[in-house]
Amino acid sequence: MARQESPPPNLPLPRYNAVLQNGMRATNLLGYFYALRGAFIQRWRTSSSTGDWVLYVGSTVPIAAVIAWLARQSNNDLVIAYMSIGVVLMAVWQSSLFRVGWSLSDEMYAGTFELGLITPTPLLLVILGKALALVASGIVFGLPSYAIFFAIVQRAPHIANVPMLIPSLLVAYATMLAGVFLFSPLMVLSRGRGGFFNALIPFGFTFSGFLYPITTLPIGLQVLARLLPMSWASDAIALSVRGDGANLEIIGRWAIAFAVSAVWLLLTHLMFATVERRLRVTGQVNG
Amino acid sequence: MIKPNPVTRAWAAYKGLWGWFNWPAYISNVFLRPGLTLILFALIGKFALAAPASQAYMISVAVYAIPVILLGSVGSSLVSDLRFGTLSLILSTRANRIALYFERLLFHLPNALLTFAAALVFAWLFFNLELSAVSWPALLLVVLAAILSSAALSLLVATLLLVLPQGWNGMTAALWGTIFALSGVIIPLNALPLPLRIISEGLPITHIMPAAQLAFAGAPFGEVASHLAREFLVALGYALFGCLLFHYVLEHLRRTGGLDTSHA
């Protein structure tokens, strides 16, 4: 027979219920945090293998070398500073997009997806924790590109507003996370057919503003670029590098970047819900 | 007795083994990737240098799309041949091994032409690439030479991947990057240090880059002929070495049980 909880003395029942519910919400939130943290730590520990190093460093370092050569030919401090940051962001985007994109499919192939479905923690949070680890570890792959850039340019970057650049870079990371996270459920919904990421990688480079200001794009393509949250973070980076924007203007770009990221995260949430609904109904949890 | 049809064999291998043979992947790899890469480097050139630089870069990035699609496609097809266990079945037949080696390329060659054309369309659409002076016969030969040398290299690399199938992604990506940096796509060959310049001589499309620029400028065939001859020599070298390597790798796999795909 279940033990009946009785409210403590001197506490009216509605208030007791409210306290109980708040306590349960707090417990749930704490549980979600632990799940997120656990997923992050697990993925961080396995975030780079020899194969990953060959793939991501081998593909980005030569491109960084070419970009460095172009920057050196420009003999322009702004170009050098902008591109030096861009080659790192480029490496992070490439490594993150591919690995985060396959993360949910990998869960299915490994047989751990079912475990995620039976826990009270939303699947989205678990995959988000892993995506956070992959984006954060992506900077490791960006360091060789940064090193080769300066080995070729042989000139220190000139940054006008360093105090605003550092948080702008963090905003760029956050927007990249929002950008790549969408592709995790998308890969499952597209039935794991590989190959289409190969266009998404240059798509991100081209429309994110990592390697040139968005205003360099033809006007029609600028409209497309503005749909990406990274393009707004790149604006903030550009203003910090040039130093010709007020701090409030930079903060405004952060706000827009976060707003656009929120839309992308909402889309991601809807896609995760679609994945779960589809798999619970059809029972095809093994891909 | 039914005579085997090489075209049918080639089509079966292309359709069954190529993982990008679905609409999203095909459009991404053959049309979108070269176009987006072209836009990227045209704009990098414009930001860093000036608009005329970006015109030259568009031509070379369009040519670069050829080895990219072939290296990715042919490598993945041959690795799939091993992984799906179909290679061991083919080797139990009396199929001519040299024909078998080159057949794998057949239906990937048109994709290389399409990807080059797609890149040019992007260049014309977004950046008004000047096409009025192009010597089309010379350009066609230039593209053909680029396709042959890139195809021969892609077969050679794919053969190496038979002994290291798990290295497909890394090796392909590293080669893409190496060709991009050292073939004169953006960095002129005379700007490379001597050791890298020597390496570049053996890479596909290195000799095509100046020929392509000449063809776009309307140069007659005679001016591009010497570059094309060198590129055909490179292609021949890859093809010969690739055939020998294929024979050696198959014997190695047969002796070591490498065709057993239970652990591939």
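Here, each number is a calculation from the coordinates, and none is a lab measurement. Here the structure is a predicted model, which is why all the values come from computation and not from measurement. Cβ sites come from the backbone with ideal geometry, for glycine too, and all protein chains shown count toward neighbours.
General observations
- The mean number of Cβ atoms from other chains found within 10 Å of a Cβ in peptide A:61-70 is 6, as a whole number.
- Here the gap between B:Thr86 and B:Val134, fully extended at 0.36 nm per residue and compared with their Cα-Cα distance, gives a gain of 12.8 nm.
- Chain A, helix-only ellipticity at 222 nm - DSSP H runs n ≥ 4, -39,500 (n - 2.57), divided by all residues, nearest 500: -26000 deg cm²/dmol
- Distance from the alpha carbon centroid of region B:92-112 to that of region A:171-191 works out to 38 angstrom.
- Value in Å of the Kirkwood radius, where region B:143-264 supplies the Cα pairs that are averaged: 15.9
- Helix A:162-181 and the longest principal axis of the C-alpha atoms of chain A enclose an angle of approximately 60°.
- Part-to-part distance (alpha-carbon centres) for region A:120-158 and region B:178-235, which is given in Å: 34
- Normalised contact order of chain A, rounded percent, pairs of Cα under 8 Å and 6 or more residues apart: 24
- Prolate/oblate/rounded call for the protein assembly as shown, Cα gyration tensor, a/c under 1.5 rounded: oblate
- If you take the alpha carbon atoms of region B:1-94 and fit the smallest convex hull around them, that volume is 113 Å³ per residue.
- Debye log10 I(q)/I(0) for chain A, one point scatterer per Cα, at q = 0.09, 0.12, 0.17 Å⁻¹: -0.51, -0.81, -1.36
- Descending semi-axes in whole angstrom, ellipsoid equivalent of region A:142-207, from the Cα gyration tensor: 32, 17, 9
- In chain B, the convex hull through the Cα atoms has an average projected area of 15.5 nm², a quarter of its surface area.
- Neighbouring partner chain Cβ atoms per residue of B:180-191, average, 10 Å criterion: 3
- Remark: relative contact order (region B:58-157) = 56 percent; criterion is Cα-Cα distance under 8 angstrom and separation of 6 or more residues.
- Shielding value for B:10-16 is 0, the average number of Cβ atoms from other chains within 10 Å of each residue's Cβ.
- Mean Kyte hydropathy of 1.6 or more with a Cα span along the axis of at least 15 Å, helices from DSSP in chain B: B:109-127, B:136-161
- Three semi-axes of the equivalent ellipsoid, region A:47-120, Cα gyration tensor, whole Å, largest first: 37, 13, 7
- Cα-Cα P(r), region A:230-287, percent of pairs per 5 Å interval: 4, 18, 17, 13, 9, 8, 9, 8, 6, 5, 3, 0
- Qualifying trypsin sites (Lys or Arg not before Pro) in region A:89-196, where qualification requires a DSSP coil assignment and no more than 11 other C-beta atoms within 10 Å, comprise A:Arg191.
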